[in-house]
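Everything on this sheet refers to the single structure shown next.
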């Protein structure tokens, strides 16, 4: 994985084929989870869809009723955009809005993986092994995207690579 | 010219059902005014998954906070476990809460006097 900002101030990320396939897999898993399980009692649901009113169950339920569908669509659309782009090519070019959206989707994916490996508080440690390595790789990727956003990216809309 | 005291009296004095004698509701109007003026607050909670640089980026890009203020709030979230990052009407704070959830941050809201 190589990240750099090109002369047009777009973020270019060149993934290895394996990395691209992994990220597609994770994005599709997130999409499926949000599609199928967003109404279930699950620690990941609590993190992807936090309660808006922690001390008022009625207000929390009402907030959920009015916002949950839109938030689900938002998250699945973001996951689909990442998976679709990487299915077309392992090398992506992102403008500011794209990079912002990728950073959000990577947050959701890291919440998904992080919840499964038990990252509950700041004392939690990333376990050794493959899943821990995947989590650290996702962290590195997201950190790179945020650094690029901080450095300033072009606002111009860039057409998605043709499928 | 009608004096302020009389105006206030006219607002607060409501005829009872029979209309025979006025019933005074001394606190009704002021309660409503207070209710509307008590602001709501947006709270962002710490989550070990959220990168500090990301939280700071969200505070800058969404709220438009200068870098220094965004970093201060991010460190509060990190060290204290939570921070109030916005104050406003209930509608405004609901909108912010929804936006924070789109960013994947742990955000909730409450009345500022709670």
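What the table shows:
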item	result
Verdict on residue B:69 being at pLDDT below 95 and farther than 22 Å from residue A:46 by Cα	no
Of all residues in the range B:36-57 being more than 16 Å from residue B:109 (Cβ to Cβ) and more than 8 Å from every other protein chain (Cβ to nearest Cβ), the one that is modelled with the lowest pLDDT	B:36
Selection count, the range B:81-98, where residues are surrounded by fewer than 16 Cβ atoms within 10 Å (Cβ to Cβ), in a helix (DSSP H, G or I) and touching a residue at least 12 places away in the same chain (Cβ under 8 Å)	2
Residue check, residue B:113 within 23 Å of residue A:70 (Cβ to Cβ), within 14 Å of chain A (Cβ to nearest Cβ) and at pLDDT below 95	no
Residue ID - nearest to the chain's Cα centre (by Cα), chosen from residues in the range A:64-77 that are under 15 Å from residue B:98 (Cβ atoms) and touching a residue at least 24 places away in the same chain (Cβ under 8 Å)	A:75
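The values are calculated or read from the model by the stated rules, or taken from the named source; none is laboratory data. Nothing here was measured: the structure is a model prediction, and the numbers come from that model. Note that each Cβ is placed from the backbone with ideal geometry, even for glycine, and that neighbours are counted across all protein chains shown.
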